[in-house]
1. Output the residue which, of all residues in segment 2-15 that are modelled with pLDDT of 85 or more and surrounded by fewer than 13 Cβ atoms within 10 Å (Cβ to Cβ), is farthest from V67 (Cα to Cα).
2. Name the residue, out of E168, E120, that is modelled with pLDDT of 95 or more and of a type outside the set (V, I, T).
3. Out of curiosity, is F169 hydrophobic (A, V, I, L, M, F, W, C) and over 17 Å from V76 (Cα atoms)?
4. Does segment 3-39 hold any residues that are outside any strand (DSSP E or B), at negative phi and small (G, A, S), and which are they?
5. Name the residue, out of S165, S106, S161, S138, that is of a type outside the set (D, E) and within 22 Å of F18 (Cβ to Cβ).
6. Can you name the condition, by its number, that C80 falls short on among (1) farther than 17 Å from E108 by Cβ; (2) in a helix (DSSP H, G or I)?
7. Among the residues of segment 43-64, how many are surrounded by fewer than 19 Cβ atoms within 10 Å (Cβ to Cβ) and among the polar types (S, T, N, Q)?
8. For E34, all conditions in the list (1) modelled with pLDDT under 90; (2) closer than 30 Å to G166 by Cβ; (3) surrounded by 14 or more Cβ atoms within 10 Å (Cβ to Cβ) hold save one; what is the number of the exception?
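The values are calculated or read from the model by the stated rules, or taken from the named source; none is laboratory data. Predicted model only: the values in this text are computed from it and were never measured. Cβ coordinates were reconstructed from backbone atoms using ideal geometry, including for glycine residues, and neighbour counts include every protein chain displayed.
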Amino acid sequence: MAVSAELVSVEQYSHTSFEHDVEFVEGRIAERPEPTWRHSAVQGFLIRELWTLCRRPGLFAMPEQRVQTRPDRFRVPEVCVVGERPTDLARGIVTLPPYLCVEILSPEDSMAEALEKALEYLNFGVEWVWVIDPESLSGQVYCRTGAMDVGNGIFSTERFSLDLSGVEF
């Protein structure tokens, strides 16, 4: 992930549009890798399936929603599941912990970066974090009580499961 050397304020970041949204980490703009075709296909599948699964429990699945995890940090998970609309609709920023944040790995992502984000989400109060490798459809599920490797393509929370194993991308 490329991080700019130039410092910017939260206000500047919040009022700037980017063609491919970026993250904000302690005063610096952190560019996210451009998604691959497979990355986008997995993201689209997740949005469609999670939107359907989450309607009944009163949750909403959102793609690439800015989430403010700390006063000086904004992340943009590929998918997040929230229990309510963002408190700041004008800026479209989620300021309360989502139920689930999903990170889909790009070839440029490292597992250390993915773990750092997962821990940041959990420390913010997110209940579940999925990290998905779009090539192997494997990954990790993190929650407050621990982490689990997923090798069979089935990603779960206590409310729902999603099986990626039989999906053709």
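1. L7
2. Answer to the check: E120.
3. So F169 fits the description; yes.
4. Answer for segment 3-39, where residues must be outside any strand (DSSP E or B), at negative phi and small (G, A, S): S9, S14, S17.
5. Just a single option satisfies the conditions, and that option is S106.
6. Every condition holds for C80 apart from (2).
7. The qualifying residues number 1.
8. Result: E34 passes all but (3).
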